[in-house]
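Enquirer: Shown below is the structure under consideration.
The values are calculated or read from the model by the stated rules, or taken from the named source; none is laboratory data. Fair warning: this is a prediction, and the values are worked out from it, not measured in the lab. As a convention, Cβ positions derive from the backbone with ideal geometry for all residues, glycine included, and neighbour counts pool all protein chains shown.
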Amino acid sequence: MLRMTNLSKVYRTHMIETHALRGFEIDVREGEFVTVTGPSGSGKTSFLNIAGLLEEFTSGDYILDGVNVKGLDDNARSRLRNEKLGFIFQGFNLIPDLNLFDNVDVPLRYRGFNAAERKRRIEDALAKVGLASRMKHYPAELSGGQQQRVAIARALAGSPRLLLADEPTGNLDTQMARGVMELLEEINAAGTTILMVTHDPELAVRTTRNVHIIDGQVSDLVRKGPSLVNPVATAAATA
Amino acid sequence: MLAYYFRLGLRSLRRNPLLTALMVLTLAVGVAASVSTLTILHMMSGDPIPEKSNRLLVPRFDNGPLDGWAPGDEPSDVQMSYPDVANLLKSGQGERRTALFGIAGPLEPPRKDMPAFVADGMAPTRDFFAMFDVPFLHGQPWSEADDARAADVVVLGRAMAEKLFGDADPVGRQLRLMGTPFTVAGVVDHWNPRPRYYKLVGGNTFGDADDFFIPFTTAIRHEADNNGGMSCSSKREPGYAGLLASECTWLQFWFEARSAADRSDLQAWLDNYAGEQRKLGRFQRKVPARLYDVMEWMEELKIVGNDNKLSVWLAFGFLALCLVNTIGLLLAKFSVRASEIGVRRALGASRREIFRQFLIETGVIGLTGGVLGLVLAFGALALIGMQGKEVAAMARMDWQMLAMTFVLSVAAAVLAGLLPTWRACQVTPAIQLKSQ
């Protein structure tokens, strides 16, 4: 589904070169629910932005659902983003002066679906997140958890192959966070691949796999429960 | 997508209402200033008879004395002497011909309850009415025979006919003009082109329609005084006969060519005529005969003054200032939309789509500015029109200027929106999405 090989990302200013990612390797298979963890400044956000085609990488290769994205122009990247990816952000990022229906409608407009198809998809997506009765409401009229559900509906409406979530529960209280996480698990169980950046070790252990990033590289450490372990060392000790 | 963006544009008018109102007002004021001055220029300089303006031609000779003339000097007179007019009328050149001059005389209404008054008219040939597409409400122009025998027939303007006869058809009725009974041959329908391009010399260029028309030959027979300008650069014998025999210039003349291509033939004939007159000693100056079509004649006589053109330039300069302000306001308006742009980009909008969306939004602002600008332009034209009757005639907006208002407003808004829209497209979505 998503494969990055020897990928690097360098931010350059007049004076400084910052290596956000270096020799980055990852392979996410279809149907996986992968969490990405790591300390601040480790390169998680750069990785997610590159994975979401929101930023270009400096070198290496990135294959998204069989498409090599290297060298694609803005139009092709935008089309790929629209057709294959869904985004869920920490800050929900709903457009405040559009009602829920119109918010979910945004990616479908860029896809070029006709009005009937858009309506069907919007109603299905909002029903899936339990907000079908509030289509004409505006984001400001909803709680944080409900807003995040709308964002999930918006991400799902286009039937993406891969859902990218950037700390989707970061702005929610525990109860709302649990609800959102359960919803994501349902979506994954229905077949959608999910890649989620999180700081929360509780969430990381609930997913198929955890990728830990340190200094712009995937660490050998993987999370099993609330603490990090080295799988190689653990295997040797067990033997 | 265009309809979707248009709806988003309408919705965005409600966002930052103060900023939007400022932009719309700024655009509207600039557009109103430009459109109102442009309207007056348009009314003054537009082609008054586009279907044949290149076939209606004014000849011009220089029959002045050698005194005070140097080779290369342009002819100073814009009218013609009677001998030249008489020769041109007899020439048979062109499809139609007319001489004309303004006349004014006492008119005694047939109604006894109405006192005599002075009416303004014109003395052309029968061809005049066909040459300038003059519409008739009743009757028709006088006949060629009337021209030939200088008959006492009159064609009335519609306003004058209604004043004298009410709604009745007055054809065949009589009235006394310049002390002589005239028979009404016809009534001209509403016809008052502005400027009165067929008679640009002698004032009243933007004035009211003529009260009446009588045959040129009849006016000459009655020794009607010229109600217009006259230039005499050499001595003349006294009396009307002296005027007719003199080189004084006081008459205007038009040819109608069969086609624009016939102009060169007419020019050749005029050159030949001028050469003959030079041999006869009448034309002393070696100035070639000139020929002007309607638009060239209006340009030659500077119907549109430099001050009119200057005021249009100034108004467009003001519009440019308004645009600079609008650019600033649009930059402010779009800068607060950076997060929305980031979201749209993440959801699949390309830079091109963002560019289209925001450019259409500026177009919607332009349309709104156009509506307000139109209202302001009507107000400005009404104020300008209060300066006088002639100005009021020019301060009228036709459908072309109406359309121009919207085109100008939208074009101005889109032009002002280019830089802010381009900047909106440069928003880095990743930064905007993270900063939420």
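Enquirer: Out of the residues in the stretch A:104-122 meeting the condition of being away from chain B (no Cβ under 13 Å) and closer than 16 Å to A:Ala155 by Cβ, tell me which one is surrounded by the fewest Cβ atoms within 10 Å (Cβ to Cβ).
Expert: As a first pass, look at the stretch A:104-122 and keep what is away from chain B (no Cβ under 13 Å): A:116-117, A:119-122.
The next check asks that each one be closer than 16 Å to A:Ala155 by Cβ; those that pass are A:121-122.
Working: A:Arg121: 21, A:Ile122: 23.
Per the stated criteria, the residue is A:Arg121.
Enquirer: Mind listing just one residue for me: the one in the stretch B:347-395 that is within 14 Å of another protein chain (Cβ to nearest Cβ) and among the aliphatic types (A, V, I, L, M) and, of those, nearest to the chain's Cα centre (by Cα)?
Expert: Top of the filtered list is B:Ile360.
Enquirer: A further question follows. Applying the selection to the stretch A:40-80, what residues are under 19 Å from A:Ile213 (Cβ atoms), polar (S, T, N, Q) and at the interface with chain B (Cβ under 10 Å from one of its Cβ atoms)?
Expert: Correct list: A:Thr45, A:Ser46, A:Asn49.
Residues are listed down the side, and each one gets a yes or a no for (1) charged (D, E, K, R); (2) within 24 Å of B:Trp250 (Cα to Cα); (3) surrounded by fewer than 16 Cβ atoms within 10 Å (Cβ to Cβ):
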site: B:Arg7; (1), (2), (3): yes, no, yes
site: B:Leu18; (1), (2), (3): no, no, yes
site: B:Thr26; (1), (2), (3): no, no, no
site: B:Leu56; (1), (2), (3): no, yes, no
site: B:Asn87; (1), (2), (3): no, yes, yes
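Enquirer: Need at least 2 residues that are over 29 Å from B:Gln387 (Cβ atoms) and either within 14 Å of chain A (Cβ to nearest Cβ) or within 20 Å of the chain's Cα centre (by Cα) (or both) per element, so show me which helices (runs of 4 or more DSSP H) inside the stretch B:1-92 make the cut, counting only ones lying wholly within it.
Expert: By residue number, B:2-14, B:17-45.
Enquirer: Which ones in the stretch A:81-101 are surrounded by fewer than 20 Cβ atoms within 10 Å (Cβ to Cβ), within 9 Å of chain B (Cβ to nearest Cβ) and assigned to a helix (DSSP H, G or I)?
Expert: Across the stretch A:81-101, the qualifying residue is only A:Glu83.
Enquirer: Let me ask something additional. Before we move on, is B:Ala274 modelled with pLDDT of 90 or more, more than 28 Å from B:Pro50 (Cβ to Cβ) and surrounded by fewer than 17 Cβ atoms within 10 Å (Cβ to Cβ)?
Expert: Numbers: modelled with pLDDT of 90 or more: yes; more than 28 Å from B:Pro50 (Cβ to Cβ): yes; surrounded by fewer than 17 Cβ atoms within 10 Å (Cβ to Cβ): no.
Here the answer is no, as B:Ala274 does not meet what is asked.
Enquirer: From the list B:Ser311, B:Ser339, exactly one residue is assigned to a helix (DSSP H, G or I), within 14 Å of chain A (Cβ to nearest Cβ), in contact (Cβ under 8 Å) with a residue 24 or more places away in the chain and among the small types (Gly, Ala, Ser). Which is it?
Expert: Working: B:Ser311 fails: within 14 Å of chain A (Cβ to nearest Cβ).
Answer to the selection: B:Ser339.
Enquirer: Can you tell which of A:Gly41, A:Gly91, A:Gly23 is under 17 Å from the mean Cα position of the chain (by Cα) and either small (Gly, Ala, Ser) or within 24 Å of A:Thr169 (Cα to Cα) (or both)? Break it down into steps so the answer makes sense when it comes.
Expert: Details: A:Gly41 fails: under 17 Å from the mean Cα position of the chain (by Cα); A:Gly23 fails: under 17 Å from the mean Cα position of the chain (by Cα).
Only one candidate passes the filter, namely A:Gly91.
Enquirer: A follow-up question, please. Could you give me the residue pairs with C-beta distances under 9 Å whose first residue belongs to the stretch A:65-77 and is over 13 Å from A:Ala51 (Cβ atoms), whose second residue is among the acidic types (Asp, Glu) and in a strand (DSSP E or B) wherever it lies, and which are 6+ apart or on separate chains?
Expert: Short answer, once both residue conditions are applied: A:Asn68/A:Asp61; A:Lys70/A:Asp61.
Enquirer: Under 7 Å by Cβ, and 6 or more places apart or on different chains, what pairs join a residue from the stretch B:124-147 that is not assigned by TED's automatic domain parsing to the domain that holds B:Ala159 with one that is not acidic (Asp, Glu)?
Expert: Filtered contacts from the stretch B:124-147: no entries.
Enquirer: Name the residue, out of B:Leu408, B:Leu383, B:Leu372, B:Leu418, that is over 30 Å from B:Glu340 (Cα atoms) and either touching an Asp or Glu at 6+ places or on another chain (Cβ under 8 Å) or of a type outside the set (Val, Ile, Thr) (or both).
Expert: On the way: B:Leu408 fails: over 30 Å from B:Glu340 (Cα atoms); B:Leu372 fails: over 30 Å from B:Glu340 (Cα atoms); B:Leu418 fails: over 30 Å from B:Glu340 (Cα atoms).
Unique residue meeting the criteria: B:Leu383.
Enquirer: Might you let me know whether the stretch B:255-262 holds any residue that is over 22 Å from the mean Cα position of the chain (by Cα), on the phi < 0 side of the Ramachandran plot and without any contact (Cβ under 8 Å) to a residue 12 or more places away in the chain?
Expert: Yes.
Enquirer: Can you tell me which of A:Leu100, A:Leu131, A:Leu172 is farther than 26 Å from A:Lys44 by Cβ and free of Cβ contacts under 8 Å to residues at least 40 places away in the same chain?
Expert: Values: A:Leu100 fails: free of Cβ contacts under 8 Å to residues at least 40 places away in the same chain; A:Leu172 fails: farther than 26 Å from A:Lys44 by Cβ.
Selected residue: A:Leu131, the only one of A:Leu100, A:Leu131, A:Leu172 that is farther than 26 Å from A:Lys44 by Cβ and free of Cβ contacts under 8 Å to residues at least 40 places away in the same chain.
Enquirer: Check B:Gln426, B:Gln432 and return the single one that is modelled with pLDDT under 80, within 14 Å of chain A (Cβ to nearest Cβ) and under 22 Å from B:Thr362 (Cβ atoms).
Expert: On the way: B:Gln426 fails: modelled with pLDDT under 80.
Of the residues listed, the single one that is modelled with pLDDT under 80, within 14 Å of chain A (Cβ to nearest Cβ) and under 22 Å from B:Thr362 (Cβ atoms) is B:Gln432.
Conditions (1) closer than 20 Å to B:Asp147 by Cβ; (2) free of Cβ contacts under 8 Å to residues at least 12 places away in the same chain; (3) assigned by TED's automatic domain parsing to the domain that holds B:Val154, marked per residue:
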{"residue": "B:Leu56", "(1), (2), (3)": "yes, no, no"}
{"residue": "B:Ala70", "(1), (2), (3)": "no, yes, yes"}
{"residue": "B:Asp77", "(1), (2), (3)": "no, no, yes"}
{"residue": "B:Pro83", "(1), (2), (3)": "yes, no, yes"}
{"residue": "B:Asn87", "(1), (2), (3)": "yes, no, yes"}
{"residue": "B:Arg97", "(1), (2), (3)": "yes, no, yes"}
{"residue": "B:Leu100", "(1), (2), (3)": "yes, no, yes"}
{"residue": "B:Leu107", "(1), (2), (3)": "no, no, yes"}
{"residue": "B:Pro110", "(1), (2), (3)": "no, no, yes"}
